[in-house]
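The values are calculated or read from the model by the stated rules, or taken from the named source; none is laboratory data. Just so we're clear, the structure is a prediction, and the values are computed from it rather than from any experiment. Positions of Cβ are backbone-derived with ideal geometry, glycine not excepted, and every protein chain shown enters the neighbour counts.
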Amino acid sequence: MMAIVSVDDVSFTFENSNLEIMDNVSFAAKKGEFVSLIGPSGCGKSTLLRIIAGLIQPTTGSVKFMNKEITGPNRKMSFVFQDFALLPWLTNLENVKIGLSMSGLSDIEKNRLASELLDRFGLGGFGSYYPNALSGGMKQRVGIARAVVSDPNVILMDEPFSSLDELTAETLRSDIVYMLENKNISVNSVIMVTHNVEEAVQLSDKIVVLSDKPATVKKVISIKAGRPRDKRSEVLSKKMDEIYAILAH
Ligand SMILES: Nc1ncnc2c1ncn2[C@@H]1O[C@H](COP(=O)(O)OP(=O)(O)OP(=O)(O)O)[C@@H](O)[C@H]1O
Ligand SMILES: [Mg+2]
């Protein structure tokens, strides 16, 4: 199966601090795969995600998107943030339209697509409202709509559900899995940073367990189980135990 994103021997040192953050990290996200990155706080997960997004360059090694080296932000990869990162002075519709800022589409076209996406995420009536009128879950739906509106192949998510209550998080997790599985939606790979072992096991086809800084890949765990998954199943509980054990030493 083709790798959509391939991280090859990526090392990273912040120039200003000379602090080595990542050492020879490699893994791939193949077509249809949900990949989670998990590891201790401060080990470099967000930095790795930003390298994958092309926002910063690795010190050595490379990241490829569909076999082509990434040298800068790419319209086919979108980001979803933990704190939603909505602009409070723009309406929800305008926030979603930001996802189309590199598209070259007319404003009419952007309005149409952004409205469609808000409808799809159950926020049809909220386009002209500002983000502060929304609950956390609704804000994150706007964040996801902004990420998806440009028809990306890859969604990069940095702890997207960790500031939401569990019930809301659960609904949004299903939305993301639906996008990955639905052939009519362009998304064909998701890479998510999480602290939550249960969430990782519930969602992922592959979990990349990172060590403390400088981050190295301690183990890549594959989970071959259909969806939707039963978090309490024996297979998933065993995977959780395995990950906790790896994280513990
Ligand atoms: N601009 C910077 N210059 C120097 N060091 C930085 C910079 N940004 C982050 N760091 C350091 O790099 C390390 C990795 O940061 P990063 O945010 O990628 O970790 P993380 O795994 O996402 O952490 P968390 O789990 O807390 O979100 C941290 O030790 C951090 O202090
Ligand atoms: Mg982080």
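Among P160, P152, which is the only one that is under 14 Å from the mean Cα position of the chain (by Cα) and away from ligand 2 (no atom under 16 Å from the Cβ)?
Checking each option against the conditions leaves just P152.
If F81 satisfies every condition in (1) surrounded by fewer than 20 Cβ atoms within 10 Å (Cβ to Cβ); (2) hydrophobic (A, V, I, L, M, F, W, C); (3) modelled with pLDDT of 95 or more but one, which is the exception?
(3)
Just to be sure before I move on: is N184 more than 16 Å from ligand 1 (Cβ to nearest atom), surrounded by fewer than 16 Cβ atoms within 10 Å (Cβ to Cβ) and under 19 Å from L117 (Cβ atoms) in the structure I sent?
The answer is yes for N184.
Can you tell me which residue is surrounded by the fewest Cβ atoms within 10 Å (Cβ to Cβ) among those in the range 33-44 that are more than 6 Å from ligand 1 (Cβ to nearest atom) and not small (G, A, S)?
Of everything passing the filter in the range 33-44, P40 is surrounded by the fewest Cβ atoms within 10 Å (Cβ to Cβ).
Going through T71, T47 one at a time, which residue ends up being more than 16 Å from ligand 1 (Cβ to nearest atom) and polar (S, T, N, Q)?
Within the list T71, T47, the selection yields T71.
Looking at G54, is it buried (at least 21 other Cβ atoms within 10 Å of the Cβ) and under 28 Å from V177 (Cα atoms)?
no
G99 - would you say it is away from ligand 1 (no atom under 16 Å from the Cβ) and either closer than 17 Å to A145 by Cα or charged (D, E, K, R) (or both)?
Yes, satisfied.
Quick check: is even one residue across the range 199-212 charged (D, E, K, R), crowded, with 19+ Cβ neighbours inside 10 Å and within 16 Å of ligand 2 (Cβ to nearest atom)?
Scanning the range 199-212 turns up at least one residue that is charged (D, E, K, R), crowded, with 19+ Cβ neighbours inside 10 Å and within 16 Å of ligand 2 (Cβ to nearest atom).
List the pairs whose first member sits in the range 191-218 and is assigned by TED's automatic domain parsing to the domain that holds I144, whose second member is of a type in the set (S, T, N, Q), and whose Cβ atoms are under 7 Å apart, counting only residues at least 6 apart or on separate chains?
Close Cβ pairs satisfying both conditions: none exist.
Which of the following residues is more than 13 Å from ligand 1 (Cβ to nearest atom), farther than 26 Å from S17 by Cα and of a type in the set (A, V, I, L, M, F, W, C): V217, V190, V208?
V190
Identify all residues within the range 152-171 that are touching a residue at least 60 places away in the same chain (Cβ under 8 Å) and among the aliphatic types (A, V, I, L, M); write none if there are none.
Selection gives V154, I155, L156, M157.
I'm trying to understand the selection: among the residues of the range 220-235, which are modelled with pLDDT of 95 or more and surrounded by 13 or more Cβ atoms within 10 Å (Cβ to Cβ)?
V220, I221, I223
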